[in-house]
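Trainee: Shown below is the structure under consideration.
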């Protein structure tokens, strides 16, 4: 297997990429257990976080937000350990993840 591209994906987006793997049953079970959103919801949330146009938030962080759906400032800070987000930046992320 040759790695052609490295792109972070939310858990909900991985299913479309596991077509012919022998371990598909195990992986599909994992994805079902830990995915909190549908693929469409995850893609929409990622777009909303990108639309914040915050240079501190990299693609890997956007994917983590879509996977973990943080609801509190503490949860957001656990995702973004490498950067310091302001209270307003944290609130803007939480406003997109509130369910």
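The values are calculated or read from the model by the stated rules, or taken from the named source; none is laboratory data. Only a predicted model underlies this, so the values are computations on that prediction, with no experimental measurement involved. Note that we place each Cβ from the backbone using ideal geometry, even for glycine, and neighbour counts take in every protein chain shown.
Trainee: Output yes when any residue across the range 33-53 is part of a helix (DSSP H, G or I) and modelled with pLDDT under 85, and no when none is.
Mentor: No, the range 33-53 contains no residue that is part of a helix (DSSP H, G or I) and modelled with pLDDT under 85.
Trainee: While we're on this one: Scan (1) in contact with a helix residue (DSSP H, G or I) (Cβ under 8 Å, 6 or more places away or on another chain); (2) in a helix (DSSP H, G or I); (3) buried (at least 16 other Cβ atoms within 10 Å of the Cβ) for the single condition residue 70 breaks and write down its number.
Mentor: It fails just one condition, (2).
Trainee: If I go through the range 54-67 residue by residue, how many of them are in a helix (DSSP H, G or I) and surrounded by 17 or more Cβ atoms within 10 Å (Cβ to Cβ)?
Mentor: Final tally of qualifying residues: 7.
Trainee: Follow-up question, since we're still on this one. Report, by residue number, each residue of the range 75-88 that is surrounded by fewer than 17 Cβ atoms within 10 Å (Cβ to Cβ) and not in a loop (DSSP other than H, G, I, E, B).
Mentor: 75, 77, 78, 87, 88
Trainee: A further question follows. Can you confirm whether residue 98 is surrounded by fewer than 18 Cβ atoms within 10 Å (Cβ to Cβ) and either farther than 12 Å from residue 10 by Cβ or out of contact with any strand residue (DSSP E or B) (no Cβ under 9 Å at 6 or more places or on another chain) (or both)?
Mentor: Here the answer is yes, as residue 98 does meet what is asked.
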